[in-house]
Amino acid sequence: MADPAAPRALYDKIWDRHVIVAREGGPSLIAIDRHIIHEGSFHAFNELRGRGLRPRHPDRIFGVADHYVPTHGRRPEDAPTEEIARMIRVFDENMRWGGIPHFSLADRRQGIVHIIGPEQGLTLPGLTITCSDSHTSTQGALGTIAFGIGQSESAHVMATQTLWQVKPKTFRITVTGRRGPGVEAKDVILSIIRTIGAGGATGYAVEYAGPVIQGLSVEERLTVCNMSIEAGARSGMIAPDDATFSYLYGRPYAPKGAEWDRALRYWRTLPTDEGARFDREIAIDGSAIEPTVTWGTSPEDALPISGRVPDPAEIPDAQKRGTAERALAYMGLTPGTRLTDIAIDRVFIGSCTNSRIQDLRAAAAILKGRKSAVPGIVVPGSGLVKEAAEAEGLDRIFKEAGLEWRDAGCSMCSAINGDTVGPQERCASTSNRNFVGRQGPGARTHLMSPAMAAAAAVTGRLTDVRRLAGN
Amino acid sequence: MEPFIRLTGIAAPIEGRNIDTDQILPARFLKADRAKGYGQYFFHDARFDGEGREKPDFVLNREPFRHATIVVTDDNFGCGSSREGAVYALHDFGVRAVLAPSFGDIFYNNCLKNGVVPVRLERGIVTGLLESLKDAPRPEVTVDLEALEVVLPDGARHAFTLDPFWRECLMKGVDEIQLTLGYLDRIEAFEGGYHREMTWLRPQAGPVP
Ligand code: SF4
């Protein structure tokens, strides 16, 4: 074991505190503080039932339906097909069977798992959090180890409240300099993924650090950590600081009174010590980051909006060239085209990456007093975000621009609730994946920030938001 | 989980980097009941056109690769969504081992839980293999978990590594939940001390803001 007095990274401190059975070099059995689940969990429940097991600590599990929920109506019957409605009902039944606290669809606190964890104060610094969803990395923004797992692992967590895990290597990404105007958290993380690649952080737990990261609001940090998985990382995290603590203070599930003080004392010991060793470190010049969009079918296919569609012929590696050619064919794009010449068919503002109140404000600031040239939907991340947006009048801005204002859920991000992008349709999307078929068979996705999506809506083309901002 | 010791079988070359789990199992099939099998959904949108007809160009629709029990592919295979259904689809199609330079992390773990062996090999070996499999007379590969090596159609042998714990689980077909419940004393001892210290940790709902 390492010298206990040696400087340690945030990740190491939390990991060490959760090890139940240590196996040098192999997986360790670690305790899981919170497990958050959605409708996809039915496989795990079938597994438990098949074994005659029940959740061991249902009070440390939390459930919410998000992936399949309708976004125009709050009853399962509002779903477009009976099969989808059944997914939501089965979920509720499983929650009741397991005695698991959950927000049902009609609850105003319902929303996307990774939105409601932080929003409710279920997500706290220093925890281990699992969820059977890859974007669990989002929640690491509060200084916690949060990672996605599969259904077998989910059944294991429910049955034992533990998990066998190989400790990932640690990777610190420092973003130096200052963010320029019009540059949002989404641009920061897309630039990071572009730099290190879609598999660039595979096997690592990433800690984001440096002045640009520290200067982000907690909501923006959630956006950055959200897309850690798009670089292959097991998790992403940011050291908790005063911004984190004031964000959490008073949240429904956050500790109160003397417990808050105790928690706070502990949380302040968590940030990475001076001199701690990481397995890998890189620095990225934050001042050079521009508003960014994707052109291909992997989040690593990102470029500053001033760029042009790349030419696969210039890629020497045959396999990489083939991948780029297939991506351009799927996206219906010609090499050399200016990104700002790409016309879009619709816009989607939502998803666990960008559906918090700050995201909706950023989009509304661009759309205010303007019309959208294309159809589109705005889907808040939770019922509470929806209420907050309506209290500020953001819904009116969206509706007056010609966009639809919907109820909370994953919606067009993964298109399994019936909100889909049509074949060969091009969508400016604030979500996190531009994969082949992600938003529907044949759908073409360009990822970008909420402000950039709003700008694209206004002009009907991919657009540099800096041209529209402040006008 | 069925034990895996060694397997010799048809290896299908599936080209492309960053093949995500949405491609391996399109999201609309996630609702399906596992009892009916997921094999029909494996790479569904690459295998079938809008009318459900096979696309003749796709490798898994060609002989002999439609009988593949091994898949060879490129960097970062199985990245993206955590959906274990991607591994159910692969498994139920009949595939029991995947060779690639690197894998999506969650996909890799999901393979281990379903008796599918993920084999990491140097990219140079994999890209050569992707080419040579296309017109090899017998595109067969052997994955030997006991010897920790693969044998390629040209007879070349390459060692690979797999964590000893997971290797043992795969070779014995260990039931992991059962295994962990065997540690219940240690888990409870840990939890006692941990929760005395972290008194603030129990989630207790307060008022809605
Ligand atoms: S919003 Fe999209 S990425 Fe996020 S949890 Fe839902 S489907 Fe997954």
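Read-outs throughout are calculated quantities, based only on the coordinates presented, and are distinct from any laboratory measurement. Just so it is clear, the structure is predicted and the values come from calculations on it, not from any experiment. Using ideal geometry, Cβ is built from the backbone for each residue, glycine included, and neighbour counts are taken over all protein chains shown.
Once each part is reduced to its C-alpha centroid, what is the distance from segment A:333-366 to segment B:73-109 in angstrom?
Using only Cα atoms, the two centres lie 30 Å from each other.
Taking amide H atoms as placed 1.01 Å from N in the peptide plane, list the residues 5 or more away in sequence, or in a different chain, whose amide H sits under 5 Å from that of A:Ala283.
A:Thr174
So which trypsin sites (Lys or Arg not before Pro) in segment A:314-372 are both in a DSSP loop and have at most 15 other Cβ atoms within 10 Å of their Cβ?
Qualifying residues, ordered by number: A:Lys368, A:Lys371.
What nm distance separates the two modelled labels at A:Tyr249 and B:Glu131, each placed 7 Å from Cα along Cα→Cβ?
That separation, rounded to one decimal, is 6.4 nm.
So what J values fall out for segment B:6-20 if you push phi through Karplus, 6.51 cos²θ - 1.76 cosθ + 1.60 with θ = phi - 60°, rounded to Hz, Gly and Pro as x?
Listing the rounded values in order: 7, 9, 10, x, 5, 10, 8, x, 10, 7, x, 8, 6, 6, 8 Hz.
Show the residues, 5+ positions off or on another chain, whose built amide H is closer than 5 Å to the amide H of A:Thr123.
Long-range HN contacts for A:Thr123: none found.
Defining a contact as two alpha carbons under 8 Å apart and six or more residues distant in sequence, what relative contact order in percent does segment A:326-471 show?
It comes to 32 percent, rounded to a whole number.
Percent relative contact order of chain A, based on C-alpha pairs within less than 8 angstrom and at least six residues apart?
Values: 1137 pairs, mean separation 80.1, N = 471.
The value is 17 percent.
Where the Cα atoms of segment A:294-467 are projected onto their three principal axes, how long is each span, largest first, in whole Å?
Taking max minus min along each principal axis of the Cα atoms, segment A:294-467 gives 54, 34, 23 Å.
Within 10 Å of each candidate Cβ there may be at most 15 other Cβ atoms; applying that plus a DSSP loop requirement, which trypsin sites (Lys or Arg not before Pro) in segment A:129-183 survive?
Filter output for segment A:129-183: A:Arg178.
Could you size up the charge dipole of segment A:294-467 around its Cα centre, putting +1 on the beta carbon of Lys and Arg and -1 on that of Asp and Glu, and report it in debye to the nearest 20?
In debye, rounded to 20, segment A:294-467 gives about 280.
According to a simple spin-label model (label point 7 Å from Cα along Cα-to-Cβ), what is the distance in nm between B:Gln40 and A:Asp317?
Going from the A:Asp317 label point to the B:Gln40 one covers 3.8 nm.
If each residue of separation counts as 0.36 nm, what is the full-extension length gain between A:Asp16 and A:Glu83 once their alpha-carbon separation is subtracted?
Result: 19.7 nm gained on full extension.
Quote the Stokes-Einstein diffusion coefficient, in whole µm² s⁻¹, for the protein assembly as shown, based on the Kirkwood radius over alpha carbon pairs, a temperature of 10 °C and a viscosity of 1.306 mPa s. Write out the running numbers ahead of the final one.
Values: Rh = 25.2 Å.
Estimated diffusion coefficient is 63 µm²/s.
Considering only segment A:1-132, what is the antiparallel percent among its DSSP beta bridges, to the nearest 5? Each step should come with its number before you reach the end.
Working: 2 of 10 bridges.
Restricted to segment A:1-132, the bridges split so that about 20 percent are antiparallel.
Suppose R0 equals 56 Å. What FRET efficiency, 1/(1 + (r/R0)^6) with r the Cβ-Cβ distance, do B:Ala147 and A:Glu392 give to the nearest 0.05?
Details: r = 65 Å, r/R0 = 1.15.
It comes out at approximately 0.30.
What size of dipole, in debye to the nearest 20, comes out for segment A:162-273 about its Cα centre when the only charges are +1 on Lys and Arg C-beta atoms and -1 on Asp and Glu C-beta atoms?
So the dipole magnitude of segment A:162-273 works out to roughly 220 debye.
Kirkwood hydrodynamic radius (Cα pairs, Å) of segment B:6-173?
Mean inverse Cα-Cα distance, inverted, gives 15.9 Å.
Report ³J(HN,Hα) in whole Hz for each residue of segment A:203-210, in order, from the Karplus equation J = 6.51 cos²θ - 1.76 cosθ + 1.60 where θ = phi - 60°; Gly and Pro get x.
x, 10, 9, 8, 10, 8, 8, x
Considering only DSSP beta bridges whose two residues both sit in chain A, what percent are antiparallel, to the nearest 5?
If I count the DSSP bridges inside chain A, around 25 percent turn out antiparallel.
Select from B:Pro64, B:Ala32, B:Ala12 the residue farthest towards the positive end of the dipole of segment B:7-68; place +1 on Cβ of Lys and Arg, -1 on Cβ of Asp and Glu, and compute about the Cα centre.
Working it through, the farthest residue towards the positive pole turns out to be B:Ala32.
Please list the non-local residues whose amide H lies under 5 Å from the amide H of A:Arg308, H modeled 1.01 Å from N, same-chain partners needing a gap of 5 or more.
Close amide H contacts, sequence-distant or interchain: A:Leu339.
Please report the relative contact order for chain B, taking Cα pairs under 8 Å with a sequence separation of at least 6, and give it as a percent rounded to a whole number.
It rounds to 25 percent for chain B.
So if R0 is 45 Å, what FRET efficiency would B:Arg138 and B:Arg186 give, r being the distance between their Cβ atoms, rounded to the nearest 0.05?
0.35
Could you please state, rounded to a whole Å, how far the C-alpha centre of segment A:395-446 is from the C-alpha centre of segment A:148-167?
First find each Cα centre; the distance between them is then 31 Å.
Specify which residue in the list B:Val95, B:Thr161, B:Pro139 is farthest towards the positive end of the charge dipole of segment B:6-173, using unit charges on the beta carbon of Lys, Arg (+1) and Asp, Glu (-1), about the Cα centre.
B:Val95
So what is Rg over Rh here for segment A:373-471, counting just Cα atoms and using Kirkwood for Rh?
My calculation of the ratio gives 0.96.
Could you calculate the contour length gain from A:Asp107 to A:Thr174, that is, 0.36 nm times the residue separation minus the distance between their Cα atoms, to one decimal place in nm?
Working: separation 67, 0.36 × 67 = 24.12 nm, distance 3.96 nm.
My answer for the length gained is 20.2 nm.
Quick one: putting +1 on the C-beta of Lys and Arg, -1 on the C-beta of Asp and Glu, what dipole do you get for chain A around its Cα centre, in Debye to the nearest 20?
180
Are there any chymotrypsin sites (Phe, Trp or Tyr not before Pro) in segment A:175-268 that are in a DSSP loop and have at most 16 other Cβ atoms within 10 Å? List them by number. Spell out each step's value before the answer.
Values: sites: A:Tyr204, A:Tyr208, A:Phe245, A:Tyr247, A:Tyr249, A:Tyr253, A:Trp260, A:Tyr266, A:Trp267; in loops: A:Tyr249, A:Tyr253.
Answer in residue order: A:Tyr249.
Using the count of nearby Cβ atoms within 10 Å as a rough guide to exposure, how do B:Met171, B:Met198, A:Met448 rank from fewest to most?
B:Met171, B:Met198, A:Met448
What are the aspartates and glutamates whose alpha-carbon lies under 18 Å from the alpha-carbon of B:Lys36, with same-chain residues fewer than 8 places away excluded?
A:Glu47, A:Glu83, B:Glu84, B:Asp92
Through the Karplus equation 6.51 cos²θ - 1.76 cosθ + 1.60, θ set to phi - 60°, convert the phi angles of segment B:157-165 into ³J(HN,Hα) values in whole Hz; use x for Gly and Pro.
In residue order, the calculated couplings are 10, 10, 7, 9, 10, 8, 3, x, 5 Hz.
So between A:Asp341 and A:Ala288, what do we pick up on full extension, going 0.36 nm a residue minus the alpha carbon distance?
Using 0.36 nm per residue and subtracting the Cα-Cα distance, I get 16.8 nm.
Run lengths n ≥ 4 of DSSP H only: what is the helix-derived mean residue ellipticity at 222 nm for the protein assembly as shown, with -39500 (n - 2.57) per run over all residues, to the nearest 500?
Per the formula, -9000 deg cm²/dmol.
Can you find, among A:Trp97, A:Ala243, A:Thr340, the residue farthest towards the positive end of the dipole of chain A? Put +1 on the C-beta of Lys and Arg, -1 on that of Asp and Glu.
Farthest towards the positive pole: A:Trp97.
Among the listed pairs A:Lys371/B:Lys31; A:Lys186/A:Lys320; A:Lys167/B:Lys134; B:Lys55/B:Lys134; A:Lys169/B:Lys31, which are separated by more than 27 Å between their Cα atoms?
As for pairs spanning more than 27 Å Cα to Cα, those are A:Lys371/B:Lys31; A:Lys167/B:Lys134; A:Lys169/B:Lys31.
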